[in-house]
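The values are calculated or read from the model by the stated rules, or taken from the named source; none is laboratory data. Here the structure is a predicted model, which means the values were calculated and not measured. When we count neighbours, we look across all protein chains shown, and the Cβ atoms used for this are built from the backbone with ideal geometry, even at glycine.
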Amino acid sequence: MHDKQYYVESEIGTLRKLIIHSPDGGIGKIIPSTFSDNLYDDIVYLKSMQKEYNHYVKLLLYFLDPEKIKYIREYQASADEKSKPYCFIPGKKEYFNSDKVLEVQHILEQILKDEKVKLRLISAICSYEESSHKTQQQLEAITDTALLAKILISGILPKTASGLQEDQYIFPPIPNFIFTRDIGIMIKDYILLSRMATNARKRESLITKFLALYFLFKEDAGKVIEVIEDSDFFLYEEVERKARIISIEGGDIMMVHPTHLIVGCSERTSSNAVNEIIHTIFSIKDLGIEKISVVKIAKNRAQMHIDTIFTQVKRNVWVLYGRYSENIIAAENKVKQTYLRQLMHHPDLIAIEEPEVLQFYKPAEENYQPDKDYSFKKLSGIEELLKQVSIENYNCSSKDVKIIYSGGNEFPHDDREQWTDSCNVVALKEGVVIGYDRNDFTANSFRKEGFEVITTSALFEKFEKGLDPQSIKDTLILLPSAELSRARGGSHCMSMPLLRDILV
């Protein structure tokens, strides 16, 4: 433990505080013709999604703030089946109001109580969304900050606030806000703000910047890291600007050790952003980051961030999509090349596209020049990187390092379950992670490595009978996920850790 309010130096230290956002009404406004604009692949049944998300919220409260469980328990006991909540959201009687499981909408409500901040944020959002002056005035006139927070997120101005006969749609929905991992990332006691790659998520970035500056780090804005384009960016032609653009999403940033940061270069985090992150992080002396590993992956929708490919479970255990393992790639390419030599004499036609892993090292302080290149080395691939973290950073024996593969590394289960976030797990504590119940073959792989696998419903029953959540070890906890998985993100995506214990 430590006395800092916000601090993260690993992926697996016991989780003490995080930011989440429950599925809001914006998700229920998506139609098939706007799938690509909103980064969705299907229509989600919102009520079922919210009920599934309730399991996630309850699980977090049991581990992080068990005193708050009574609010949910008491409300559900008194409500009949029809009136039970679809989702535990701010403004509802059953809202838990935890200072450990923080809800985006509730934090936004708090900062809007400051009139100057309120007017500044409304102006910023209306400018970005190109709203009319009338709409801006309507929003500024709203004194109920809880209602205003809901409007700024959902984009729906209710008739009770507008004085009209029906609700108004004033902003597009931001249905990906449930994936709070992407809005920012804690790097020790600093926060690196994201710059979303797509228009569908840019309002999230704007709101998050205000949350960071006026709530999380209100007393110390120097802890807020922003990486932006060079000052002459706008002078370049369109093609050149695209090459220089900076986009950063938190699913591509992993603080895996006090001295080691992993950064993904992907569909959502640009190569120029990676360069600037390296320079920026190494220039902050008190961060103590000595090595930054860059994982470059293909720009695929199915693997939009590196946390859709791998996440950490324990010091010596990782879950990985096997098709990004250099060992499996080499074996498969060898088989395919042998086959092609025999039939086509073109062995390079269907070689699997391999990720690239480069490690950059911070120079000694006396040699530090932020505008110069850093020394680096190239690794053979992602699996070598994961094993290196376990061995070099956590002093694990090489023979004890375990890689659990998506779908048991069996086709087609590996592809199917990676798509439904089998590799996207978040650690509540070392060895205790949250996954989706639909990924059966991955769950079986966890069992084979000695993990207990249990659903949230079964676990809640044990908690009600007196089981201490902190006594649980080496367990994969499965969330109901028929609708949650349609949104294209797992438990790792749905969490922005603010505080984790230091591993000892």
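Odds and ends about this structure:
- For first residues located in the stretch 406-419 and closer than 15 Å to GLY435 by Cα, partners that are charged (D, E, K, R) and lie 6+ apart or on another chain with Cβ distances below 6 Å form the pairs SER406/ASP414; SER406/GLU417; GLY407/ASP414; GLY407/GLU417.
- Hey, LEU147 of a type outside the set (Val, Ile, Thr) and modelled with pLDDT of 95 or more or not: no
- Any hit, the stretch 242-257, residues being over 17 Å from ARG181 (Cβ atoms) and at pLDDT 95 or above: yes
- Enumeration of residues in the stretch 148-205 that are more than 24 Å from GLY91 (Cβ to Cβ), crowded, with 23+ Cβ neighbours inside 10 Å and of a type in the set (S, T, N, Q): SER194
- Residue within the stretch 60-81 that is in a helix (DSSP H, G or I), out of contact with any Leu (no Cβ under 7 Å at 6 or more places or on another chain), modelled with pLDDT of 90 or more and among the acidic types (Asp, Glu) present: yes
- Taken together, LYS291, LYS299 contain a single residue that is under 24 Å from GLU326 (Cα atoms) and touching a strand residue (DSSP E or B) at 6+ places or on another chain (Cβ under 9 Å), which is LYS291.
- Within the stretch 87-103, if we keep just the residues that are acidic (Asp, Glu) and assigned to a loop (DSSP other than H, G, I, E, B), the residue that is surrounded by the most Cβ atoms within 10 Å (Cβ to Cβ) turns out to be GLU94.
- Residue within the stretch 23-31 that is part of a loop (DSSP other than H, G, I, E, B), closer than 19 Å to GLY431 by Cα, of a type in the set (Asp, Glu) and within 19 Å of the chain's Cα centre (by Cα) present: no
- Residues (surrounded by fewer than 19 Cβ atoms within 10 Å (Cβ to Cβ) and in contact (Cβ under 8 Å) with a residue 24 or more places away in the chain) located in the stretch 207-224: PHE215, PHE217, LYS223, VAL224
- Under the condition of being closer than 12 Å to GLU449 by Cα and assigned to a loop (DSSP other than H, G, I, E, B), the residues counted in the stretch 310-326 number 1.
- Total residues in the stretch 246-262, condition part of a strand (DSSP E or B), within 17 Å of the chain's Cα centre (by Cα) and farther than 16 Å from TYR324 by Cβ: 5
- Selection within the stretch 156-177 - of a type in the set (Phe, Trp, Tyr) and assigned to a helix (DSSP H, G or I): PHE177
- On inspection, ILE277 does not qualify as more than 22 Å from GLU383 (Cα to Cα) and part of a loop (DSSP other than H, G, I, E, B).
- Boolean, HIS279 is over 17 Å from the mean Cα position of the chain (by Cα) and either surrounded by fewer than 24 Cβ atoms within 10 Å (Cβ to Cβ) or modelled with pLDDT under 95 (or both): yes
- Breaking point among (1) modelled with pLDDT under 95; (2) buried (at least 20 other Cβ atoms within 10 Å of the Cβ), for GLY466: (2)
- One residue alone among ALA161, ALA149 is of a type in the set (Gly, Ala, Ser), under 30 Å from LYS17 (Cβ atoms) and in contact (Cβ under 8 Å) with a residue 12 or more places away in the chain, and that residue is ALA149.
- Positions within the stretch 470-504 being surrounded by 22 or more Cβ atoms within 10 Å (Cβ to Cβ), assigned to a loop (DSSP other than H, G, I, E, B), at pLDDT below 95 and of a type in the set (A, V, I, L, M), in sequence order: none
- Being surrounded by fewer than 16 Cβ atoms within 10 Å (Cβ to Cβ) and either aromatic (Phe, Trp, Tyr) or touching a strand residue (DSSP E or B) at 6+ places or on another chain (Cβ under 8 Å) (or both) is a property that does not hold for LYS134.
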